[in-house]
Amino acid sequence: MKIVIVNNAKDVGERAASLVAQATKERPNLILGLATGKTMIPFYRGLIKLYRKKKVSFAEVKSFNLDEYIGLKSRDKGSLRYFMEKNFFSKVDFKKENVHFLDGRAKNKKRECENYERQIKKSRIGLQILGIGRNGHIGFNEPGSSFKSKTREVFLSESTRRKKIPRKALTMGISNIMNTKEIFLLASGREKAEIIHRVLHGMISEDVPASVLQKHRNVVFILDKKAARQLEEG
Ligand code: GLP
């Protein structure tokens, strides 16, 4: 595992954005796995900035988002699809048909998940972007999720459910995340310091979903100083 430590949350996003831009230059038809959450805002801003300077194009890039809440329409302001449209897709040259999302309103959730699973098997994700929850969740794979888990319907933990967000979601599983070729995990702020320490130095356990990344061949942790503050202590 590689660890990059930068000054602040904005730099985490900008460093990740410039690494992604470089990857799309080397592989114009890269398949990206994308994430949501506040950590991702400076990342998408960074990508938009590079796009405006013509340093990156997404015309041939495909994407698969990690997760979506159950029951929300894609136009609903609380949906993760809306987050992506507002913060990224509407501002760059991504083609609509290249954007893949789990449909939280699908009548048959099982079939929706199986369908997504089939698509990510066919077009293996080349670069997966991850944030992390304070309890170590990745995507919406909460503590206790099997390392073999696939795309499925899940219940969200109390700590993940802020304010009025739904109780259930669809998420790519841990096995799907582990099957990606390369992963960037982004974390910023002191509230992530403890979990980052556990993920990097603790035991690999399903109680800390992100600890599975110790077994991935190609992961870069991009952290700000606050999120990395417990690492020197070993
Ligand atoms: C949500 C998302 C995760 C994200 C996490 C952290 O639960 N499903 O993909 O990593 O939140 O979010 P934040 O960056 O807002 O701390």
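Here are the numbers for the structure shown:
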quantity	calculated
Among residues of the range 126-176, those that are under 24 Å from ILE31 (Cα atoms) and among the β-branched types (Val, Ile, Thr), counted	6
Condition check for ASN135: touching a Pro at 6+ places or on another chain (Cβ under 6 Å), surrounded by fewer than 23 Cβ atoms within 10 Å (Cβ to Cβ) and within 30 Å of ASN7 (Cβ to Cβ)	yes
Enumeration of residues in the range 51-75 that are buried (at least 19 other Cβ atoms within 10 Å of the Cβ) and away from the ligand (no atom under 16 Å from the Cβ)	TYR51, VAL56, PHE58, VAL61, LYS62
Tally, over the range 108-128, of residues that are assigned to a loop (DSSP other than H, G, I, E, B) and either at pLDDT below 95 or among the β-branched types (Val, Ile, Thr) (or both)	3
Count of the range 121-164 residues which are away from the ligand (no atom under 16 Å from the Cβ) and not small (Gly, Ala, Ser)	6
Those helices (runs of 4 or more DSSP H) lying entirely in the range 1-106 with at least 3 residues on the phi > 0 side of the Ramachandran plot and charged (D, E, K, R)	none
Residues satisfying the stated conditions in the range 14-30, i.e. surrounded by 21 or more Cβ atoms within 10 Å (Cβ to Cβ) and closer than 21 Å to ILE138 by Cα	ARG15, ALA16, ALA17, VAL20
Pairs with Cβ under 6 Å, 6+ apart, first in the range 131-157 and within 21 Å of ILE41 (Cα to Cα) and assigned to a loop (DSSP other than H, G, I, E, B), second of a type outside the set (Lys, Arg) and away from the ligand (no atom under 13 Å from the Cβ)	GLY136/VAL208
Pairs, first closer than 24 Å to ILE132 by Cβ in the range 63-92, second among the aromatic types (Phe, Trp, Tyr) and within 16 Å of the ligand (Cβ to nearest atom), C-beta under 6 Å, six or more apart	ASN65/PHE101; ASP67/PHE140; ARG81/PHE101; ASN87/TYR44; PHE88/TYR44
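Okay, residues lined up against (1) under 30 Å from GLY78 (Cβ atoms); (2) more than 16 Å from the ligand (Cβ to nearest atom); (3) in contact (Cβ under 8 Å) with a residue 12 or more places away in the chain:
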residue: LYS2; (1), (2), (3): no, yes, yes
residue: ILE5; (1), (2), (3): no, yes, yes
residue: ALA21; (1), (2), (3): yes, yes, yes
residue: LYS38; (1), (2), (3): yes, no, no
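The values are calculated or read from the model by the stated rules, or taken from the named source; none is laboratory data. Bear in mind that the values here come from a model prediction, so they are computed numbers and not experimental data. Every residue, glycine among them, receives a Cβ derived from its backbone with ideal geometry; neighbour counts consider all protein chains shown.
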